[in-house]
1. Restricting to the stretch 56-71, what's the tally of residues that are within 12 Å of the chain's Cα centre (by Cα), within 15 Å of GLU21 (Cα to Cα) and exposed (fewer than 13 other Cβ atoms within 10 Å of the Cβ)?
2. For a quick check of your reading of the model, give me the residue pairs whose first member lies in the stretch 1-18 and is among the hydroxyl-bearing types (Ser, Thr, Tyr), whose second is modelled with pLDDT under 95, with beta-carbon atoms closer than 6 Å and at least 6 apart or on different chains.
3. Can you tell me which residue in the stretch 27-39 is surrounded by the fewest Cβ atoms within 10 Å (Cβ to Cβ), limited to those that are assigned to a helix (DSSP H, G or I) and free of Cβ contacts under 8 Å to residues at least 12 places away in the same chain?
4. Pick out the one residue from TYR42, TYR48 that is closer than 19 Å to LYS83 by Cβ, touching a helix residue (DSSP H, G or I) at 6+ places or on another chain (Cβ under 6 Å), aromatic (Phe, Trp, Tyr) and surrounded by 15 or more Cβ atoms within 10 Å (Cβ to Cβ).
5. Considering each of ASP28, ASP80, ASP20, ASP56 in turn, give the residue that is among the acidic types (Asp, Glu), modelled with pLDDT of 95 or more and out of contact with any helix residue (DSSP H, G or I) (no Cβ under 8 Å at 6 or more places or on another chain).
Amino acid sequence: MADKISPVATSILTLLNNIDELIVQSNDRQNARDVMTALTVYANSKNYPLPNGKIDNFHAVLLDARPQTISFIVKDIASDVIKNSRRKDS
């Protein structure tokens, strides 16, 4: 049986993918920050739990870290979103 991911989690994962592309392909850190802020507001409005420590870490290193480092943080957040979605559906 395939695991289903909630529509809210799917939207959050889409935004995280957009952030990753903004960092890795465009090196557009300001828009990546704006999308992360929008993602946080969206998740909070839907009462969806996010790994706030990792999001704070994203904001802390956004301007100075290499794109690969930021990409790793974004993918780690995505992993937590998937785990939370599966946990909620169980």
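1. Of the residues in the stretch 56-71, 0 are within 12 Å of the chain's Cα centre (by Cα), within 15 Å of GLU21 (Cα to Cα) and exposed (fewer than 13 other Cβ atoms within 10 Å of the Cβ).
2. If the second residue must be modelled with pLDDT under 95, the pairs left are SER6/SER85.
3. Among those residues, the one meeting the criterion is GLN30.
4. Matching residue, one of TYR42, TYR48: TYR48.
5. Just a single option satisfies the conditions, and that option is ASP56.
For (1) assigned to a loop (DSSP other than H, G, I, E, B); (2) aliphatic (A, V, I, L, M), each residue gets a yes or a no:
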site: LEU15; (1), (2): no, yes
site: ILE19; (1), (2): no, yes
site: GLN25; (1), (2): no, no
site: TYR42; (1), (2): no, no
site: LEU50; (1), (2): yes, yes
site: ILE70; (1), (2): no, yes
site: VAL81; (1), (2): no, yes
site: ARG87; (1), (2): no, no
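The values are calculated or read from the model by the stated rules, or taken from the named source; none is laboratory data. Every value quoted in this text rests on a predicted model; they were computed, and no experiment measured them. Ideal geometry is used to build each Cβ from the backbone, glycine not excepted, and the neighbour counts take in all protein chains shown.
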